[in-house]
Amino acid sequence: MPRSTTSTGLVIAVVAALTFGLSGAFAKPLLEAGWSPAAAVTVRSLVGGLVLTPFAAVALRGRWNALWRNRWRIVATGAIGVAATQLTYFAALERVPVGTAILLEYMAPLLLVAVAWARSRRRPQSLVLIGSVVALVGLVLVVAPGSGVALDPVGLLFAVGAMVGCAIYYVVAAAPPNGLPAVALAAFGLLLGAASLALAGVVRLVPFQAPLGDVALFGSPVAWWVPVVVIGVVATAIAYTANIAAAERLGSRLASFAGLLEVVAATFYAWLLLGERLTVPQLLGGGAILVGIACVRAARSDAPTAALPTTLDQTPTGSVPIVPTPAQPA
């Protein structure tokens, strides 16, 4: 992959991280006002999908058959990348500490490296392994998972499920476009994800409450739809489109590592907008994540085919769940 394409992809990935990271700060008022996480994610996905639909229609330019050709990619994005990943993540939150759930979900890049290693039977480049370890250490420092707390095995299983869903999302997002613009994949994937989440709420698979009263946003009362609009437009519509566009340029491995910047961005916004304390270990962790991404990028530049077999290497979500924690763009 040309270096210019990779550089452009990384710039777009940074935009995705910065926009995804806003969701936690703006979702927190909704959750504190009584919204259930599933309801917040459903509305977020619905608003984002509706906002992107007109742009998707323009981008398709009448080539609606592209939707049918990419139907399984759209289904995987909506059903797995948006809905299943969010549901398993929230199920994990009910049983294990937030930091632990975030840490496990964002180990998706390491899962992709391991899958590539197992399938190709070739050890990844040393820079990839070094970058993986450094990024993991940085992630631990940023999210600071609780220690000394008994962990529920079922909760851990749900968190691992979220990690798998996140990895699949990156694989799907990085697949060859096949005539489907990134904005169209984001739009219809989000709408399908919203429908899936709403159905889960209707059948009471997850709690679903959304009181439509005023919420306290940064110390001032505002209408409930104000944070919803910000989350839906910025942290969902723009974020998912940028994330998919970046993944198509970077491939699943590098895109998933760049996705760790969402954790750093969310932590920064929590400090800037919510007044949460930003610690020295978190700052060091953010630096470590950047070093890890740089190592993976350097390895990619030297050996662009070393990531995953053809069917996986070209495809990478985060989604990123929407909760008031350092990790969620989703």
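The values are calculated or read from the model by the stated rules, or taken from the named source; none is laboratory data. Keep in mind it's a predicted model, so treat the numbers as computed, not measured. Here the Cβ is made from the backbone with ideal geometry for all residues, glycine too, and neighbour counts use every protein chain on show.
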Residues of segment 240-273 being under 21 Å from residue 230 (Cα atoms) and outside any helix (DSSP H, G or I), which ones? 259
Would a scan of segment 76-90 turn up a residue that is over 10 Å from residue 159 (Cα atoms) and surrounded by fewer than 17 Cβ atoms within 10 Å (Cβ to Cβ)? no
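Here is a yes/no grid of residues against (1) more than 24 Å from residue 99 (Cβ to Cβ); (2) at pLDDT below 90; (3) in contact with a strand residue (DSSP E or B) (Cβ under 7 Å, 6 or more places away or on another chain):
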residue: 239; (1), (2), (3): no, no, no
residue: 249; (1), (2), (3): yes, no, no
residue: 255; (1), (2), (3): no, no, no
residue: 291; (1), (2), (3): no, no, no
residue: 299; (1), (2), (3): yes, yes, no
Considering 186, 200, 258, which residue is within 23 Å of residue 104 (Cβ to Cβ) and within 13 Å of the chain's Cα centre (by Cα)? 258
Tell me, please, whether a residue that is at pLDDT 90 or above, surrounded by 20 or more Cβ atoms within 10 Å (Cβ to Cβ), over 19 Å from the mean Cα position of the chain (by Cα) and of a type in the set (Gly, Ala, Ser) can be found in segment 138-157. no
Of the residues that make up segment 229-246, is at least one under 23 Å from the mean Cα position of the chain (by Cα) and over 18 Å from residue 45 (Cβ atoms)? yes
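Quick one: count up the residues across segment 46-96 that are outside any helix (DSSP H, G or I), touching a Gly at 6+ places or on another chain (Cβ under 6 Å) and either of a type in the set (D, E, K, R) or closer than 15 Å to residue 183 by Cβ (or both).
So the first thing to find is which residues in segment 46-96 are outside any helix (DSSP H, G or I), and the list is 61-64, 70, 94-96.
When the remaining residues are screened for being touching a Gly at 6+ places or on another chain (Cβ under 6 Å), the result is 95-96.
Okay, now just the ones that are also either of a type in the set (D, E, K, R) or closer than 15 Å to residue 183 by Cβ (or both), so 95.
Of the residues in that region, 1 qualify.
Among the residues in segment 120-132, are any more than 23 Å from residue 240 (Cβ to Cβ), within 20 Å of the chain's Cα centre (by Cα) and surrounded by 24 or more Cβ atoms within 10 Å (Cβ to Cβ)?
Going through segment 120-132, the residues more than 23 Å from residue 240 (Cβ to Cβ) turn out to be 120-132.
Those left that are additionally within 20 Å of the chain's Cα centre (by Cα): 131-132.
Next, from what is left, pick out any that are surrounded by 24 or more Cβ atoms within 10 Å (Cβ to Cβ): 131.
Yes: segment 120-132 contains one or more residues that are more than 23 Å from residue 240 (Cβ to Cβ), within 20 Å of the chain's Cα centre (by Cα) and surrounded by 24 or more Cβ atoms within 10 Å (Cβ to Cβ).
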Of all residues in segment 45-74 being within 21 Å of the chain's Cα centre (by Cα) and among the small types (Gly, Ala, Ser), which is surrounded by the fewest Cβ atoms within 10 Å (Cβ to Cβ)? 56
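Looking at residue 102, is it part of a helix (DSSP H, G or I) and out of contact with any Pro (no Cβ under 8 Å at 6 or more places or on another chain)? Break it down stepwise before answering.
Details: part of a helix (DSSP H, G or I): yes; out of contact with any Pro (no Cβ under 8 Å at 6 or more places or on another chain): no.
The answer is no for residue 102.
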Kindly evaluate residue 164 against the criterion of being among the β-branched types (Val, Ile, Thr) and more than 19 Å from the chain's Cα centre (by Cα). no
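Given the options 136, 191, name the one that is under 30 Å from residue 280 (Cα atoms), part of a helix (DSSP H, G or I) and aliphatic (A, V, I, L, M). Write out each step before concluding.
Values: 191 fails: under 30 Å from residue 280 (Cα atoms).
Among 136, 191, only 136 is under 30 Å from residue 280 (Cα atoms), part of a helix (DSSP H, G or I) and aliphatic (A, V, I, L, M).
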Being of a type in the set (Val, Ile, Thr) and over 16 Å from the mean Cα position of the chain (by Cα) is the filter; apply it to segment 75-98 and report the residue that is modelled with the highest pLDDT. 75
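If you go through segment 206-239 one residue at a time, how many are assigned to a strand (DSSP E or B), of a type in the set (A, V, I, L, M) and farther than 27 Å from residue 94 by Cβ? Talk me through it step by step, then tell me what you get.
So the first thing to find is which residues in segment 206-239 are assigned to a strand (DSSP E or B), and the list is 215-217, 220-222.
Those left that are additionally of a type in the set (A, V, I, L, M): 215-217, 222.
Remaining after also requiring farther than 27 Å from residue 94 by Cβ: 222.
Number of matching residues: 1.
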Give segment 147-188 a look and list any residue that's at positive phi and part of a helix (DSSP H, G or I), or say none. none
